[in-house]
1. Across peptide A:30-41, how many C-beta atoms of other chains are within 10 Å of each residue C-beta, on average?
2. Please list A:8, B:285 in order of solvent-accessible area, largest first, computed with a 1.4 Å probe with all protein chains present.
3. If you count, for every residue in B:374-385, the Cβ atoms of partner chains within 10 Å of its Cβ, what is the mean?
4. Give the interface area between chains A and B as buried accessible surface, both sides summed, probe 1.4 Å, in Å² to the nearest 100.
5. On average, how many beta carbons from a partner chain sit within 10 Å of the beta carbon of a residue in A:57-66?
6. Leaving ligands, DNA and RNA out of it, rank A:139, B:471, B:245, A:39 by accessible area with a 1.4 Å probe, largest first.
7. Taking all protein chains in place and a 1.4 Å probe, what share, in percent, of the accessible surface of region B:263-418 do carbon and sulfur account for?
Amino acid sequence: MAEETSSFSAFYGENYRSVLKLAYVFAGGWQVAEDIAQEAFVRALSCWDGQLIAPEAWVRVTAVNLARSRLRRRQAESRALERARPPADSCEPADPPGELSRVWQAVRRLPKRQAQAVALHYADDLSVGDVAAIMGCAEGTVKALLHQGRRRIAAQLGASAGGEDGH
Amino acid sequence: MDTERPVDDLLRSASRELDRAAAAVAGGAPPAAELGGVRRRAVQRRRVGVAAAVLALVAGAAVVAWRVSPPDAPSLIFDAPAGDEGAEDGEAPESAADPDADPGPGDADAGVGQAGPGADDDSGTEVREVIRLPAEGWQVPTALASDPAGRFVVVGVTVDDADAGAARPAVWVGEDGSWLRAGGQVAESGAEAGEAAVHMTGVASDPDGSFAAVGFTDTVAAGTRPLAWRSDNGERWDSATLPDEAGSAEAVTWTGEAFVAVGAAERGSAVWTSPDGRAWSAVTFAGERGLAAEGILVDVLEYGGRLVLIEQVGDSSRLLAAEPAERGAAWQLREIDSFAGSLARLTGDQETGTLYAAGSQRPDGLGSEPLLLTSGDGQSWDREAIGWDGADHHDAGLHDAAVAGRVLVVAGTADGLPRLWARDPTGDARAAELPEGAGAPPLLAPATDGVLVVGTVEDGAEAHFGVWHWELPDRTGR
């Protein structure tokens, strides 16, 4: 038991910051990213008695799923609230202003698998091979997703080069 | 915003900034032993937030009969890394390395594709491999054209290093079932070898069998610049010059009198024209609404003496009609309609005059679904449903469309896998998947008794150029 606790603590310490970054990319805010990252590790802890074959991949997938679920729920809530009050400026999380924040906004708007590949490769600094292992696909697929994702990001950033978010 | 830096640089800068911020935030993370208590506090915080919103509404002038339930503990949307795709909310995730995971749909035999359950019967569902051309790196076909003699030319890129985003132009030529790669013959239009990413994005043929291709280059020094090439036979290419120093060219077509290329320049959406694919000039427009300053034109089609254009502006697309004028004179331009979503391709049935526009739409801001629009007159458009296999795919879209005989065929992806769908004039529809290993959004070209499908076959870290034939018998009795 003590050994399991020790191994989980090590796993948590080694992976928390990476999972937090992934959660931020998809959720867009640090407070919600903390909630998501910690929830992902709580769930990993509940399965820690030998059930997880690849816990590093499992906790990342979990965090991404939680973030996307949370974002969908917030968008639905925003739409519902708009029926009773003047519409909010955006249903999206409020990133701090800045050019680089626009990059993560553009990543969030990618199709799911492109967003996952881009986030794992850049935000989590994983190699194409590691991304392929986590996503369960061939390295060529990851390269395709990265290529397509970068093109879409370029198009989105170019469309908002005037300073307005047209999306 | 500096959008001239390659996106790769921007992502790396953003990642470094993200890492610094995360280091500061992570310093306040609870110890592992306290994670259970953290979960209870997080749920309570969300409930308080929603309750506060409800109280604010009730306290306002308008009382809204609206019940808000505290959100449940976050459900886990299973995003299966291997196999079981499309699981519903609430299901626990499986390990990414689950040895018992379902390997997924598709027939393991090369060259045979399986139709979805919506197919009427087994006929017309076989997708047969014609050829695959192994090559180093990872191939991405992006556009194809055929000349009057039936020679096919496919243009695209070869990506050698995903990390740097480097790409070099690639061309494949097919005739009478034989295919070869002609990529080594493409002049790189002045871009220094090894420093630039050069993309070929569109190709068209004139009645003499000459080809014009367009694309763009992306360099750290010069940014993004539109490019053009010309060839007498599709194998040997010479560079041409588009009269814009910044932007990209996305598609090209032959109008009957000239090549017309579309894309974007510093001024926004842009159109260029050339009588021979060598000398290009920019087109100016007159009309009620011009091209969008923040838009990009992604496809163009000749239709009844006019041109139909797809302009993407943010998450919306406009269909535009342009009437060419004499050289140097302004063209007339008017908007036909606008749609939420990203339209990607135009095609038409020359016999009936029916137009089709294909792309994707994001109905809830996350995930995408196919978008297919149909018009009998080029003015009013209706949406047509695509029934790939009845499943609710979270990430799907259409990338190409073609009319083969009387059959409409569309190609796209669903959950990252290439898919095909065809519908004949009687309304009978059928779907097909490419063989296992096929990747990249497929391209379509009408062929004998069906369509040619051009794409890639993934093999480890490489993706090879592949061609398939999908037999589509015409059931209308013609």
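The values are calculated or read from the model by the stated rules, or taken from the named source; none is laboratory data. Model, not experiment: these values are computed from the prediction. As a convention, Cβ positions derive from the backbone with ideal geometry for all residues, glycine included, and neighbour counts pool all protein chains shown. Protein only, heavy atoms only, side chains kept; ligands, DNA and RNA dropped before computing areas. Shrake-Rupley method; radii C 1.70, N 1.55, O 1.52, S 1.80 Å.
1. Working: counts 5, 3, 3, 3, 7, 8, 2, 4, 8, 8, 3, 6.
Mean shielding by partner chains, rounded to a whole number: 5.
2. Numbers: A:8 5, B:285 55 Å².
Listed by decreasing accessible area, they come as B:285, A:8.
3. On the way: counts 0, 0, 0, 0, 0, 0, 0, 0, 0, 0, 0, 0.
Going residue by residue through B:374-385 and averaging, the value is 0.
4. On the way: alone 9760 and 24110 Å², together 26820 Å².
About 7100 Å² of accessible surface is lost on pairing.
5. Details: counts 5, 7, 1, 2, 10, 7, 0, 2, 8, 4.
For peptide A:57-66, the averaged partner shielding equals 5.
6. Details: A:139 70, B:471 100, B:245 140, A:39 15 Å².
Listed by decreasing accessible area, they come as B:245, B:471, A:139, A:39.
7. On the way: 2780 of 6190 Å².
For region B:263-418, the apolar C and S fraction of the accessible surface comes to 45 percent.
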